[in-house]
Structures are given as C-alpha cells and as structure tokens.
Amino acid sequence: MMASMGAMSKPFPAIVSFDIDDTLIDFSAMLSGALSAVARQLEARSGQRISVSRLQEARNGVASEIDFADAHFEVIRRESFRRVLAEIGSDGDAGDLWQVWQTYRASNYPLYPDVIPALQWLQSSGMKIVAASNGNTDLRNSSIFPFFDALYYSEALGSRKPAIDFFHGVARGMGVRPAEILHIGDSFREDFQGADAAGMRAVWLNRSRTASVDGTLTIFSLNEIAGVLVD
C-alpha cells in the first residue's frame with residue numbers, strides 16, 4: 001500500500017486502463033538491454049563490434065521507408081538486423097539475432113518503482129485493470145500480468161492511439177461505455193488527447209515533469225493515482 005493512497009470513498013470509474021511502454025515499463029532500459037544482447041551475438045558471429053545506436057538507427061531507417069510504413073514490428077526489426085549483417089559483410093539470415101532479441105524481451109521487464117504498489121492498490125480497491133498499447137511489449141510473461149483483466153494492442157484492434165476507434169475498441173472489449181474507463185499514459189497526444197476525445201476520463205502521466213498543459217489532468221507518478229480516482 002502506498003502512504004499517499006488513502007481509502008477510496010467513491011471510485012469512478014470502475015476500470016483503469018494503462019499504456020505500457022514508458023508508463024509501466026521503462027522502455028528505454030528494455031530497448032538498450034535487448035539491443036546490447038543482439039550486439040553481443042553479432043560480435044560473437046562476425047568478430048565485429050556493433051554499437052547499440054547503430055542497430056537502432058537501422059531499425060528507424062527501415063521504419064521510415066514507405067514499403068515498411070504499415071509493417072508488423074517483427075518484419076521491421078528483422079529487416080534492420082538483416083541490413084546490419086549485410087553492411088558488415090556477414091553471410092546468412094538474421095534469425096539468430098531475432099531469437100536473441102525475442103528471448104531478452106520475453107524475460108526482462110524493467111518496471112518503474114511505483115508500478116507494483118499502484119497495481120496492488122487498484123486491485124485491492126476492486127478496480128478492473130487493463131493495458132492498452134500501440135506497442136508489442138507482451139505482458140503475459142511479466143510479473144505484473146496477474147493484475148490485468150485484459151490486454152489490448154493496436155495490431156489486434158486495427159487502429160492506433162490516438163484514434164478514437166482504438167479507445168472505443170477497448171471499451172467494447174470490456175463491455176462498458178468509454179466514460180466508465182480512466183486511461184493513464186505517458187504520451188500527451190496519444191494517451192491523454194486520444195482517450196479524452198474518445199470520451200474516457202484521461203490522465204497524463206508526466207514522468208519527465210515537462211511543462212504542464214492547461215486543462216490537463218496530470219500526475220507525475222503512479223503514487224498519485226488515488227487522487228484522480230475519487231469522484
């Protein structure tokens with residue numbers, strides 16, 4: 001239990017939706033770790049040292065191309081690994097690099113310190129908890145998965161935040177009106193503005209403490225979540 005979270009006299013709404021990357025999971029830490037593992041595999045395979053930044057630049061280059069604009073995450077990442085291999089003159093496909101990437105991501109979930117206490121408090125208060133993400137961080141192998149009633153991803157919903165259809169898809173999946181869901185996320189545009197436009201109660205999790213925006217319900221830590229759940 002968090003000291004700042006007292007008894008919730010009148011909870012509203014009954015469902016709390018969380019973005020995943022950079023809201024629950026420190027995505028930068030996960031990305032750095034996964035790419036470092038791939039770089040080590042590359043060095044063992046080719047004898048050449050490849051920087052994490054080079055691997056990510058290759059990924060960003062692929063993602064920016066028209067041919068890959070709507071591609072699956074796996075397609076983009078595999079192609080980026082293939083291109084790095086070609087650049088260093090290494091033969092073969094990138095299957096082993098993809099496996100290293102997947103294995104690391106499936107077993108490493110760097111959580112922010114406020115995540116588990118917040119989820120414990122919400123669960124003990126009788127709230128339903130869902131995740132709603134544009135990414136592909138699969139929480140099913142994570143320590144926090146048991147807290148969640150459902151996971152929603154843009155690829156399955158057929159639309160991406162901040163599209164209203166994305167948030168309405170979450171509401172339909174839970175069998176409630178959008179107004180019965182409170183959505184929390186780190187992106188002002190994708191999470192706060194998107195959820196607000198869809199009719200949800202929206203909260204901007206501003207972990208970096210950047211300048212506030214008038215009319216925006218903002219918290220700087222999930223330790224503050226009780227304050228926005230009291231009607």
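Only the coordinates and a few stated rules stand behind these numbers; no lab work does. Predicted model, so just to flag it, every value in this text is computed and none were measured. All Cβ positions, glycine included, derive from the backbone under ideal geometry; neighbour counts span all protein chains shown.
The angle between the Cα long axis of helix 73-87 and the longest principal axis of the Cα atoms of the chain comes to about 30 degrees, rounded to the nearest 10. When both bridge partners sit in the chain, DSSP labels roughly 10% of those beta bridges antiparallel. For the chain, the Cα gyration tensor yields ellipsoid semi-axes of 36, 19, 15 Å (square root of five times each eigenvalue, largest first, whole Å).
Identify which of I184, I76, I66 has the largest mean-square fluctuation in a Gaussian network model of the chain, with springs joining Cα atoms closer than 10 Å. For the chain, modelled as a Gaussian network with Cα springs under 10 Å, the answer is I66. Among D114, D22, D196, the residue with the largest mean-square fluctuation in a Gaussian network model of the chain, with springs joining Cα atoms closer than 10 Å, is D114.
Normalised by 2.2 N^0.38 Å, with N the number of residues, the alpha-carbon radius of gyration of region 28-107 equals 1.01.
For region 79-181, the relative contact order is 18 percent, taking Cα pairs closer than 8 Å that sit 6 or more residues apart in sequence and dividing their mean separation by the residue count.
Ordering N60, I25, G47 by the projection of their Cα atoms onto the charge dipole of region 20-92, which places +1 on the Cβ of Lys and Arg and -1 on the Cβ of Asp and Glu, puts G47 at the extreme positive end. Across region 28-107, C-alpha contacts under 8 Å between residues 6 or more apart give a mean separation that, scaled by the residue count, equals a relative contact order of 35 percent. Where the centroid of each part is defined by its Cα atoms, how far is region 156-231 from region 25-98 in Å? Going from one Cα centre to the other spans 32 Å. By the count of neighbouring beta-carbon atoms within 10 Å, fewest first, R172, R209 end up ordered R209, R172. I'd like the orientation of helix 52-64 relative to the chain: the angle between its Cα long axis and the longest Cα principal axis, in ° from 0 to 90, rounded to 10. Compared with the principal axis, the helix lies near 80 degrees. Coupling constants for region 115-129 follow from the phi torsions by the Karplus curve (6.51 cos²θ - 1.76 cosθ + 1.60, θ = phi - 60°), and in residue order they are 6, 4, x, 5, 5, 4, 5, 4, 5, 5, 8, x, 7, 7, 10 Hz; glycine and proline get x. The relative contact order of the chain, computed from alpha carbon pairs under 8 Å that lie at least 6 residues apart in sequence, is 28 percent.
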